[in-house]
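Worksheet for the structure shown next.
The values are calculated or read from the model by the stated rules, or taken from the named source; none is laboratory data. Source: prediction; values computed, not measured. Glycine gets a Cβ as well: all are built from the backbone with ideal geometry, and neighbour counts include every protein chain shown. For the accessible areas, the whole protein counts, side chains as well, though only heavy atoms, and no ligand, DNA or RNA atoms are used. Shrake-Rupley method; radii C 1.70, N 1.55, O 1.52, S 1.80 Å.
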Amino acid sequence: MYVGEFLKSLDRTSTGVAGLDNLIGGGFVPGRVYLVVGPPGSGKTTLGVQFLVEGARNDEKGVYISIVQHPRIVTQDMLRYNFGLLAHVQAKRIVLHDLGEAIFGAGRRFSWNEILEMLLHIIKAENASRVVIDSFTSLEYAVVDPENKRMAVGRFIRKLHDMGVTCVIISEMLSSEAYTDEYYLADGVIVMHHFMRNYQMVRAIQVLKMHGVPHDSNLKKIRFTEEGLVVYPEAPF
């Protein structure tokens, strides 16, 4: 079998976002780690929750690990959509963990290895198939050893691969010209954008990187709808 044919034969895990799977050959490759990055209000958390809801609909347990916001607030915010997050949470098909309380309430800073082991412990304990970490950027301010980040995150991602977990790491866009370690270590990178055009907000999505998967890297228009984020095949402007 040719390499191209092998890649096409890989199973896919739907992102749960209408139109996004079409840009990445049918969905995420299961058991890999994907970075979703963007500015405030661009739809990062909504995309992550839709990914978990899609899994819950297919009997795949999901875990949302919050670093900043209280999970209760995240749930309340998602009630604006019709994808039924609350029912999945109540049925424990999706479990929400508040890791931020443990980290920022500890009164001390941690090593990268300590924090990433906390994340792995949660994922293993829940036996999750799908995981969202929101947001990874906040962990930068809780560590005593920033110089060890790349090695520690690299080991973390290798362990997730070994566990067969499909993980979405949400990160804040600090600069459009500076790439953090996660960009290079993740299996795929999806960038959320918003622009002002003629006094109106224009939103877009871009698949910057997707290992082993033919993908469309051009900017595509997105909108928030009652069903969540929707990706359209046309350019945003």
> When region 24-52 is examined, which residues are found to be farther than 18 Å from Asp216 by Cα, touching a Lys or Arg at 6+ places or on another chain (Cβ under 9 Å) and of a type outside the set (Gly, Ala, Ser)?
Replying inline: Pro30, Phe51, Leu52
> What residue, of His88, His161, is within 30 Å of Arg223 (Cα to Cα) and touching a residue at least 24 places away in the same chain (Cβ under 8 Å)?
Replying inline: His88
> What number of residues within region 122-162 satisfy the criterion of being closer than 23 Å to Gly62 by Cβ, outside any strand (DSSP E or B), open to solvent by less than 70 Å² (accessible area, probe 1.4 Å) and among the aliphatic types (A, V, I, L, M)?
Replying inline: 7
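Does Asp187 fit the bill of being under 19 Å from Val29 (Cβ atoms), crowded, with 16+ Cβ neighbours inside 10 Å and of a type in the set (D, E, K, R)?
yes
Return the total of residues in region 105-121 being outside any helix (DSSP H, G or I) and surrounded by fewer than 16 Cβ atoms within 10 Å (Cβ to Cβ).
Summing the residues that are outside any helix (DSSP H, G or I) and surrounded by fewer than 16 Cβ atoms within 10 Å (Cβ to Cβ) in region 105-121 gives 6.
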> Restricting to region 55-94, what's the tally of residues that are open to solvent by 70 Å² or more (accessible area, probe 1.4 Å) and either closer than 16 Å to Asn127 by Cβ or assigned to a loop (DSSP other than H, G, I, E, B) (or both)?
Replying inline: 10
>> Being farther than 17 Å from Phe51 by Cβ and among the polar types (S, T, N, Q): is that true of Ser217 here?
In response: yes
